[in-house]
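Undergrad: If you scroll down you'll find the structure; I have some questions about it.
What follows draws every value from the coordinates through simple rules; no lab data is involved. Keep in mind that this is a model prediction, so the values were computed, not measured. Note that each Cβ is placed from the backbone with ideal geometry, even for glycine, and that neighbours are counted across all protein chains shown.
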Amino acid sequence: MKQGGKNLEVIQAMNRTLLLRLLQQNHICSRANLSEQSGLKQATITNIINDFISWELVEETGLIEGCKGRRAIGIRLNTEVFYVIGVRLSRKYFEVGIFTLMGELVEEEYREYITDTKPSTVIPKIQESIRRLIARYAGKKVLAVGVAVPGPYYFEEGVIEAVFTDWEQVSIKSMLQEGMPLPVVIDHDANAGVLAECSFGLDPNLYETVVYLAVGQGIGAGIYHEGKIFRGAAGIAGEIGHASINMDGPRCECGNRGCLTCYASTIAFMDRVNKRRKDLGFSPLLQFQDLIEPAQKKDEVVYSEFRTNMRYLSVGIINLIYSYNPDLIIIGDEMSRIGERVPEEIKYNISQLMERKVLKQAEIRLAAFEKDSAFIGAAELAIDYAFVHTELFRGEKIF
């Protein structure tokens, strides 16, 4: 393989990106702190920060505790000038929000699409919502759009291969980008989820491998390894929802049999609950939200099926642990709304099935955010794109 060096412009761009990520991670930081954490000389830090100040990208704060106990002027990202847009696309709804560079949601639109789910209908509606938010923030600088989509999603091709109706082989990146005044960045919703958790929910330096397991209408895993998302050869690593746990099981939408999604998704959970309710002469529950409180309060039917769901999910998590050996597994999406009973059940189940030594190395907990991590992660996709393409902060169009 041909090796090449890096010219000065590339190195400068990499240094800018590094400092922006450190400022996002630290919230407020002195120039000396930035020098210590980045390994860059203070003169380099000063030059870059001066550029950032001239772009209104960062601002100085009052004195803070600096290196070796010395007080120094703090630096932080300016959260009142630059914004990004995050989009969360699900099977039955989408939400579009405007976010600060610290991942804080400022305003959002939520829309369901129950009957007409075709991409030719849904994508223009998403674009309409994006344009409305851009127009409402016309006095601000909106940089980019990040989109979290159900998988499988082929990152390099920009193609969604979702298994639900009408969304097979959809070139969603080119469709969303068409007519948009901002660059559009798209990734699998589980990848967006793990990006949010590692950017805003925890210190990624404490973990080598983090898995974010999105358990909703579908199931997928985002894998964050040594500071970046692990994608695999085709870009679809983590599609655990379509790994079979029963080769003689029901046919999945993907064509396989006995996929984890068929047993452990929130749809499977609702279907089992409603089947039992029907047998008992009760009307069906219509939304997953209706299952949360009964599961928490150990309603006989709902809690029984919740525990069944957790047993199936635990089998998938065991496969994740043995495949990727993560030191942290985060449970997110709809299922996490039930609360601490979710990791409690999972820990109990896998303790009965795994070697204790292996189990001890994998921490399991709920997502850090009350809001969907994938939605916040969609914004982080756009933020990270801007951090890499800092020309955007100077108002340059690069797409």
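Undergrad: Can you pick out the pairs among Lys125/Lys371; Lys125/Lys278; Lys228/Lys360; Lys92/Lys278; Lys141/Lys173; Lys173/Lys397 whose Cα atoms lie more than 27 Å from each other? Don't jump to the answer; show the numbers that get you there.
TA: Details: Lys125/Lys371 22 Å; Lys125/Lys278 36 Å; Lys228/Lys360 24 Å; Lys92/Lys278 24 Å; Lys141/Lys173 22 Å; Lys173/Lys397 18 Å.
Long pairs (Cα-Cα over 27 Å): Lys125/Lys278.
Undergrad: On to the next question. Please identify which residues in the range 285-309 have an amide N closer than 15 Å to a label point set 7 Å out from the Cα of Glu112, following the Cα→Cβ vector.
TA: The answer is 285-291, whose backbone nitrogens lie closer than 15 Å to the label point.
Undergrad: For the range 203-367, what class follows from the C-alpha gyration tensor (a ≥ b ≥ c being the square roots of its eigenvalues): rounded when a/c is under 1.5, otherwise prolate if a/b is larger than b/c, else oblate? Write out the running numbers ahead of the final one.
TA: Working: a/c = 1.94, a/b = 1.53, b/c = 1.27.
Prolate.
Undergrad: Just to confirm the filter: which trypsin sites (Lys or Arg not before Pro) across the range 313-399 are DSSP coil and have at most 13 other Cβ within 10 angstrom of their Cβ? Intermediate values should be presented prior to the final figure.
TA: On the way: sites: Arg337, Arg341, Lys347, Arg356, Lys357, Lys360, Arg365, Lys371, Arg394, Lys397; in loops: Lys371, Lys397.
Qualifying residues, ordered by number: Lys397.
Undergrad: Any idea what the dipole of the range 203-367 comes to, in debye rounded to 20, about its Cα centre with Lys/Arg Cβ at +1 and Asp/Glu Cβ at -1?
TA: Values: 20 positive and 21 negative charges, 76 e Å.
Computed about the Cα centre, the dipole is about 360 debye.
Undergrad: Using the alpha-carbon atoms, what tilt in degrees (0 to 90, nearest 10) does helix 119-136 show relative to the longest principal axis of the chain?
TA: 40 degrees
Undergrad: Rounded to whole Å, give me the distance from the Cα center of the range 250-290 to that of the range 47-106.
TA: Centre-to-centre (Cα) distance: 42 Å.
Undergrad: Expected output is a single nm value to one decimal: the length gained when fully extending between Asn50 and Gln296, i.e. 0.36 nm times separation in residues minus the C-alpha distance. What is it? Write out the running numbers ahead of the final one.
TA: Values: separation 246, 0.36 × 246 = 88.56 nm, distance 5.25 nm.
Extra length from Asn50 to Gln296 when fully extended: 83.3 nm.
Undergrad: Further question on the same structure: Over all directions, how big on average is the projection of the convex hull of the alpha-carbon atoms in the range 8-77, in square nanometres? Spell out each step's value before the answer.
TA: Values: hull surface 17.4 nm².
Result: a mean projected hull area of 4.3 nm².
Undergrad: Grab the beta carbon distance between Leu286 and Asn325, set R0 = 56 Å, and tell me the FRET efficiency rounded to 0.05. Could you put the intermediate results ahead of the total?
TA: Numbers: r = 40 Å, r/R0 = 0.72.
The calculated FRET efficiency here is 0.90.
Undergrad: Assuming R0 = 22 Å, what is the FRET efficiency of Glu344 and Arg257, from their Cβ-Cβ distance, to the nearest 0.05?
TA: Details: r = 30 Å, r/R0 = 1.39.
In this case the efficiency is close to 0.10.
Undergrad: Tell me the GluC sites (Glu not before Pro) within the range 321-379 that lie in a loop according to DSSP and have at most 12 other beta-carbon atoms within 10 Å. Write out the running numbers ahead of the final one.
TA: On the way: sites: Glu334, Glu340, Glu344, Glu345, Glu355, Glu363, Glu370; in loops: Glu340, Glu355, Glu370.
The qualifying sites are Glu340, Glu355, Glu370.
Undergrad: Now for a different question. For the range 33-84, what is the charge dipole size about the Cα centre, in debye to the nearest 20, if Lys and Arg each add +1 at the Cβ and Asp and Glu each add -1 at the Cβ? The partial results should precede the final answer.
TA: On the way: 5 positive and 7 negative charges, 69 e Å.
Computed charge dipole of the range 33-84: roughly 320 debye.
Undergrad: Taking the C-alpha atoms of the chain, how large are the radius of gyration and the largest Cα-Cα span, Dmax, in Å?
TA: That works out to 22.5, 75 Å for Rg and Dmax.
Undergrad: Next question, about the same structure. Who wins for biggest fluctuation among Gly332, Gly74, Gly316 in a Gaussian network model of the chain, springs between alpha carbons below 10 Å?
TA: In this elastic network of the chain, the residue with the biggest mean-square fluctuation among Gly332, Gly74, Gly316 is Gly74.
Undergrad: Arranged from highest to lowest average of other beta-carbon atoms within 10 Å per residue, in what order do the peptides 77-87, 299-309, 10-20, 180-190 appear?
TA: Going by the mean number of other Cβ atoms within 10 Å, highest first, we get 180-190, 77-87, 299-309, 10-20.
Undergrad: How much length, in nm to one decimal, is gained on full extension between Arg70 and Tyr93, taken as 0.36 nm per residue of separation minus their Cα-Cα distance?
TA: On the way: separation 23, 0.36 × 23 = 8.28 nm, distance 5.09 nm.
Result: 3.2 nm gained on full extension.
Undergrad: If I model a spin label as a point 7 Å beyond the Cα along the Cα-Cβ vector, how far apart are those points for Lys371 and His27 in nm?
TA: Between Lys371 and His27, the label points sit 1.7 nm apart.
Undergrad: Let me spell out the model: positive unit charges on the Cβ of Lys and Arg, negative unit charges on the Cβ of Asp and Glu, origin at the Cα centre of the chain. What dipole size does that give, in debye rounded to 20?
TA: Numbers: 45 positive and 52 negative charges, 88 e Å.
Roughly 420 debye, rounded to the nearest 20.
Undergrad: Can you sort Ser171, Ser199 from fewest to most other Cβ atoms within 10 Å of each residue's own Cβ?
TA: Details: Ser171 15, Ser199 21.
In increasing order of surrounding Cβ atoms, one gets Ser171, Ser199.
Undergrad: Let me ask something else about it. Relative contact order for the chain: what is it in percent, counting Cα pairs under 8 Å that are at least 6 residues apart? Before the final figure, lay out each step's value.
TA: On the way: 730 pairs, mean separation 67.5, N = 399.
Taking the mean separation of contacting Cα pairs over the length of the chain, I get 17 percent.
Undergrad: Starting from the 7 Å offset along Cα-to-Cβ, what nm value, one decimal, do you get for the label separation of Glu226 and Ser120?
TA: Here the modelled spin labels are 4.7 nm apart.
Undergrad: Within the range 314-332, what residues put their amide N at less than 15 Å from the label point 7 Å along the Cα-to-Cβ vector of Gln361?
TA: Within reach of a label on Gln361, which here means backbone N under 15 Å from a point 7 Å along Cα→Cβ, the range 314-332 contributes 318-329.
Undergrad: Considering only Ala379, Ala237, Ala148, give the residue with the highest GNM mean-square fluctuation for the chain, with springs between Cα atoms whenever their separation is below 10 Å.
TA: Ala237
Undergrad: Calculate, for Ser171 and Ala43, the FRET efficiency according to 1/(1 + (r/R0)^6) with r their C-beta to C-beta distance and R0 56 Å; round to the nearest 0.05.
TA: Numbers: r = 47 Å, r/R0 = 0.83.
Efficiency, rounded to the nearest 0.05: 0.75.
Undergrad: Could you work out the relative contact order of the range 8-77? I mean the mean sequence separation of Cα pairs under 8 Å and 6+ apart, divided by the number of residues, in percent.
TA: On the way: 77 pairs, mean separation 24.9, N = 70.
The normalised contact order for the range 8-77 reaches 36 percent.
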